[in-house]
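See structure below.
Readers should treat all values here as calculations from the given coordinates under stated rules, not as data from a laboratory. Given the structure is predicted, the values throughout are model-derived calculations rather than measurements.
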Amino acid sequence: MEKFIKKNKLALGLCVIFGILLVGLVFFGLNVQKRQVIDAHKESLQILANEKAAEANNFLESQREKLEIIGSVGVFKEVVKDPNNTAKIETAKKRINELSPIIHRIAIFTKEGIMFIAESGPTPIDYSTLPYFVSKDKKIIFMRYYDPFQKRDYYSVLGPIFDRIEKDKVIGAIAFDVELDKISSLMKETLEKGKGNEVYLIDETGLLLSGSEYIGKSNKRGVLIQEIESDGAIECLEHVKKYGNNESVEEHIEEVIQYTNYMGDEVFGAHAYVPSIMGCVIAEENANEIFGFSIIDYIKKIINNQK
């Protein structure tokens, strides 16, 4: 009888040990699987951020190219040299109206920064205090500006008009508004609705340039209103300043990090650079979506793999 009890105790002990080992193995496998799931999501987020940054940069570069083209138009070169000539102004306005279906809100400035021709709104308006006109470096730039007539902010691309003969001589400036709705559309393409993910573009100051479903009460959805100050945005902009050089960004190791986003949600975020504006694309996914992994899912996956 004693031998039987001892055998049962030994068997019971072995079962307990086996059970503990089995549970430990299951939890080890679960943790490994969770780590793999998290790593896969991180990799996908970084790929998404890189793709969207390339698309945004290509779009912005196309705006830069458009500006170079319209800045070379003869009637615009003529009018900035003689901004008080009524006939030349009317000719320039006619050309602007012809271009308006594809290039919106074109404006022409004297080299001092006086906007004397505009597609809409009154003229003249003095923009001489804008950094572009104050600076001696007359490169093409992207900027936010306030329209006192429309009483709202716009995002514009602005650049020089050069003399016909003295090719390096700046005789005026020309600008048009960038269609930020197109950038918003680029950021949303291929994203699955209801998956707790979001991709958005910010400029070098952290200003939101693409729409968000979660912020902003008007149809602008936070564009040109919201400044993003999350850890993900701060890290990206710090890296842009550190690695940026002549509108390009040196290669370095990018890291997908976990942080609280601008809505107060815990997310994983990846970033990628947009050299045209020295800004960033941020791709985020809700941490709950990633951590929402169950042992049942794990067991099902094991069973499916064995079939």
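Is the shape of region 64-178 best called rounded, prolate or oblate, per the rule: a/c under 1.5 gives rounded, else a/b larger than b/c gives prolate, else oblate, with a ≥ b ≥ c the square roots of the Cα gyration tensor eigenvalues? Show your work: numbers first, answer last.
On the way: a/c = 1.32, a/b = 1.09, b/c = 1.21.
Verdict is rounded for region 64-178.
List the relative contact order of region 64-178 as a percent without decimals, with contacts defined as Cα pairs under 8 Å and 6+ residues apart.
Details: 206 pairs, mean separation 32.4, N = 115.
Computed value for region 64-178: 28 percent relative contact order.
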